[in-house]
Amino acid sequence: MLTRFCKIVLALMFCSSFAVAEASDCQGVMTHEVQMLNKSAADPKIKMVFEPSYIAIAPGDCVKFLPTSKGHNAETIKKMYPKAAKKFKSKVNKEFVVRLEVEGLYGIKCTPHYQMGMVALIQVGEVSEESLSKSAKVKHRGKAKDRFKMLFSALE
Ligand SMILES: [Cu+2]
């Protein structure tokens, strides 16, 4: 029989193995790189940007966010990722890899620069008309509004 102490230790081991699972899950898996930039390489007039800011990937692929410029991170936006998927939030200035297994559309923001329009869309597998229009209806503030309008208009 397990003592209470053993059960707690087991629980901790279980949890910590989950916490590191994301990065190691991506070894040998198709990985798509997204740069986090102060200035767009394609158009220097565009500041604070994920590049590319839209990618379509297969379920189970990984996305690697690269801190090419300083001061950025990547975080899922509320109501803009599939219900069965896990939200995530990376640390500022750190490279971050995440495996996206649940099909659907993921809205991503840089936490410090959301208002400045630093947002991205990741499409995983097929996205239904319904979930596309639901995601497009989410309200945004500042420049995020215009950037999402552009991103969604390219999808429709
Ligand atoms: Cu940023």
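Structure notes:
- For the stretch 30-155, the solvent-accessible area of protein heavy atoms averages 56 Å² per residue (probe radius 1.4 Å; ligands and nucleic acids excluded).
- The residues packed around ILE77, meaning those with a beta-carbon under 10 Å from its beta-carbon, carry a net charge of +3 if Lys and Arg are +1 and Asp and Glu are -1.
- Accessible surface of the stretch 55-153, 1.4 Å probe, proportion on carbon and sulfur as whole %: 52
- The stretch 30-47 and the stretch 88-156 have Cα centres spaced 15 Å apart.
- Near-label residues of the stretch 27-45 by backbone N, under 19 Å of a point 7 Å along Cα→Cβ of ALA56: 30-34
- Taking the stretch 36-126 and dividing mean pair separation by its residue count, relative contact order in percent (alpha carbons under 8 Å, at least six apart): 34
- Taking N as the residue count of the stretch 30-155, its C-alpha radius of gyration divided by 2.2 N^0.38 Å amounts to 0.96.
The values are calculated or read from the model by the stated rules, or taken from the named source; none is laboratory data. Model, not experiment: these values are computed from the prediction. Note that we place each Cβ from the backbone using ideal geometry, even for glycine, and neighbour counts take in every protein chain shown. For accessibility, only protein heavy atoms count, side chains too; no ligands or nucleic acids. Shrake-Rupley method; radii C 1.70, N 1.55, O 1.52, S 1.80 Å.
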